[in-house]
Amino acid sequence: MIDFHLQDSLFNSTILIFLMRAFLSVFCGFCLGLERKIKKHPVGIRTLVFLSLSSCLFGITSITMAKQNILTGDTTRIAAGVVSGIGFLGAGVIFRQGFNIHGLTTAAIIFMASALGLACSDGLYIPVLITLALCLIVMTIVERLEYVLFPPETAKLVKIDFSDDQVDESEIEVIFKRCKLKLADKNFNYDIENKTVTIAYKVYKPNKFDFSDFSQKIRQIKNVRAFSITQGDID
């Protein structure tokens, strides 16, 4: 069985061992945070450094208390508590904007920073460095590959107000197809008093979307009074 631990007997000072593990956890948090900061995400370098370092400290505390028989019972309770706490923290960065969900990757990176910190606390230097390298590869190279193979699509809400109840849906759907908008859902709202119709469409737009061309085609429909494209939900 391969032992990934560096032999603590090589070091005469316990402080030196702690410094190695602490600085490695800081390095891991810095690398992950730098990638988030470059991409303008809210969770940056300091946050992930603190996460990784604090997880490392919790892990070292758990190991030390177990070795000195200070902690009785399950010696992994502290580490398990860290995992639970990080789960709540990761959930806090996930939010919904219109039809789109944001923050899932950031939440996963928060979880990874904590995992690397805990691994550093046990002196698993080689697995930590390998895992960190794989994470950086996934966040850079694999992301670009995914972008090429699966171009991103963003959900939008298109609302079209008609001045009367004579609506030709087929004409609108043809415009959607020409502009490469994928129709997912729609909702009708008929104003009996004014005899007007409002149709809300949930569509997925490609990354490269020509709004001016789309708006020009919509304006060519005779009875269109107004239209909008937003991030809202269908009522």
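The values are calculated or read from the model by the stated rules, or taken from the named source; none is laboratory data. Owing to the predicted nature of the structure, the values given are computational and were not obtained by experimental measurement. Using ideal geometry, Cβ is built from the backbone for each residue, glycine included, and neighbour counts are taken over all protein chains shown.
Regarding Asp191, is this residue of a type in the set (Asp, Glu) and surrounded by 13 or more Cβ atoms within 10 Å (Cβ to Cβ)?
When the stated conditions are applied, Asp191 does not pass them.
Among residues belonging to region 77-116 that are hydroxyl-bearing (Ser, Thr, Tyr) and surrounded by 14 or more Cβ atoms within 10 Å (Cβ to Cβ), point out the one that is modelled with the highest pLDDT.
Looking at the filtered set, the residue picked out is Ser114.
Taking region 196-214 as the search range and keeping residues that are closer than 19 Å to Asp185 by Cα and of a type outside the set (Phe, Trp, Tyr), which one is modelled with the lowest pLDDT?
Ranking the candidates gives Pro206 first.
Might you let me know whether region 173-183 holds any residue that is loosely packed, with under 12 Cβ neighbours inside 10 Å and not in a helix (DSSP H, G or I)?
no
Cβ-Cβ distance below 8 Å, separation of 6 or more or different chains: which pairs start in region 208-220 with a residue that is in the same structural domain as Val158 (by TED's automatic domain parsing) and end on one that is surrounded by 15 or more Cβ atoms within 10 Å (Cβ to Cβ) and basic (Lys, Arg)?
Once the first residue is in the same structural domain as Val158 (by TED's automatic domain parsing) and sits in region 208-220, its partners that are surrounded by 15 or more Cβ atoms within 10 Å (Cβ to Cβ) and basic (Lys, Arg) give Phe209/Lys180.
Search region 113-126 for residues being in a helix (DSSP H, G or I) and among the small types (Gly, Ala, Ser), and hand back the single one that is farthest from Gly90 (Cα to Cα).
Only one residue fits best here, namely Ser121.
Take the conditions within 18 Å of the chain's Cα centre (by Cα), surrounded by 19 or more Cβ atoms within 10 Å (Cβ to Cβ) and at pLDDT 90 or above and apply them to Cys31. Does it pass?
Spelling it out, Cys31 is indeed within 18 Å of the chain's Cα centre (by Cα), surrounded by 19 or more Cβ atoms within 10 Å (Cβ to Cβ) and at pLDDT 90 or above.
Within region 127-168, count every residue that is part of a loop (DSSP other than H, G, I, E, B) and loosely packed, with under 15 Cβ neighbours inside 10 Å.
Of the residues in that region, 8 qualify.
Can Ile221 be described as of a type in the set (Val, Ile, Thr), surrounded by 12 or more Cβ atoms within 10 Å (Cβ to Cβ) and assigned to a loop (DSSP other than H, G, I, E, B)?
yes
Table: residues versus (1) within 30 Å of Ala22 (Cα to Cα); (2) out of contact with any helix residue (DSSP H, G or I) (no Cβ under 8 Å at 6 or more places or on another chain).
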{"residue": "Leu124", "(1), (2)": "yes, yes"}
{"residue": "Leu132", "(1), (2)": "yes, no"}
{"residue": "Leu145", "(1), (2)": "no, yes"}
{"residue": "Ala155", "(1), (2)": "no, yes"}
{"residue": "Val158", "(1), (2)": "no, yes"}
{"residue": "Glu173", "(1), (2)": "no, yes"}
{"residue": "Leu183", "(1), (2)": "no, no"}
{"residue": "Gln216", "(1), (2)": "no, yes"}
{"residue": "Ile221", "(1), (2)": "no, no"}
